[in-house]
1. Give me a comma-separated list of calculated 3J(HN,Hα) values for segment 9-23, in order, Karplus coefficients 6.51, -1.76, 1.60 applied at θ = phi - 60°, integers in Hz, x for any Gly or Pro.
2. Go through Leu33, Leu27 and list them by solvent-accessible area, largest first, probe radius 1.4 Å.
3. For segment 25-42, just list the computed ³J(HN,Hα) in residue order, Karplus coefficients 6.51, -1.76 and 1.60, θ = phi - 60°, integers in Hz, with x standing in for Gly and Pro.
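The values are calculated or read from the model by the stated rules, or taken from the named source; none is laboratory data. This one's a predicted model, so the numbers in the text were calculated from it and none came from an experiment. With ligands, DNA and RNA removed, areas are computed over all heavy atoms of the protein, side chains included. Shrake-Rupley method; radii C 1.70, N 1.55, O 1.52, S 1.80 Å.
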Amino acid sequence: MIGFCFKEVTIKPYYDENSIAFKKKKLFWARKLLEILASERHKKFIESSVIEI
């Protein structure tokens, strides 16, 4: 999930208020599911906006 941001919604010109709210909910649940998956595999879910190589 490199480059995927769970905190901010990229607002497109054609998004209305319902679309933004729905996308925020989807991002919340995507993050929650990845956190659960990570914990089941005894890993830590780390979110970062900066990637160092």
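1. Calculated HN-Hα couplings, in order: 9, 6, 8, 8, x, 8, 6, 9, 4, 5, 5, 5, 4, 5, 5 Hz.
2. Largest to smallest exposure gives the sequence Leu33, Leu27.
3. Result, ordered by residue: 5, 4, 5, 4, 6, 4, 4, 4, 5, 5, 5, 5, 4, 4, 5, 5, 9, 6 Hz.
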